[in-house]
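Okay, structure first, notes after.
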Amino acid sequence: MPRNRVPSPQTMRVLRALAAEPVRWRYGYELGAETGLKAGSLYPILVRLADRGLLEAQWEESPPHGRPARHLYRLTAGGRDLAAQPVTAEPAQPRRAAARAVRHVQPDGA
C-alpha cells in the first residue's frame, strides 16, 4: 500500500537541492553542506528516497587514488515531480511540545 504522507521539511530540502541540478550526480557530503543537514538525518532520508524510487543511487566509478568511492545520488522523474510540489504549511507547534504544554497547565485556584 503506497504511503501518502507529506514529506518532512528536511526531506523537501534534500529533494529541492537535488532538483536544482536534476541530471547531475551528487554525493552526500555535498548535499549535507547545501541543506545544512547532518549525516544522521541526511543519509536515512537518502536511503528512504532511493527505496521509494525517487532517487537513483550508484557508487562512484573512478575515485581518485587513496580515496574510497562515494555513493552518488540524483532524482528520478518521480523525485523531480515530488520536489516541484508546493511547500505545505507546517504546524505552529510540534505535537509533542503541544502535549507537554497541555500537561503543565494548572487548574484554576491551584
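Bear in mind that the values in this text are calculations on the coordinates, not laboratory data. None of these values were measured; they are calculated from a predicted model. Methodologically, a virtual Cβ is constructed for each residue, glycine included, from the backbone with ideal geometry; neighbour enumeration extends over all protein chains shown.
Site pair Ser8 and Tyr27 shows an inter-label distance of 2.5 nm when each label is modelled 7 Å from Cα along Cα→Cβ. Taking amide H as placed 1.01 Å from N in the peptide plane, Thr76 has its amide H under 5 Å from the amide H of Leu55, Glu56, each at least 5 places away in sequence or on another chain. Sparsely packed loop sites in the stretch 24-71 (the GluC sites (Glu not before Pro) outside DSSP H, G, I, E and B with at most 12 other Cβ atoms within 10 Å) comprise Glu61.
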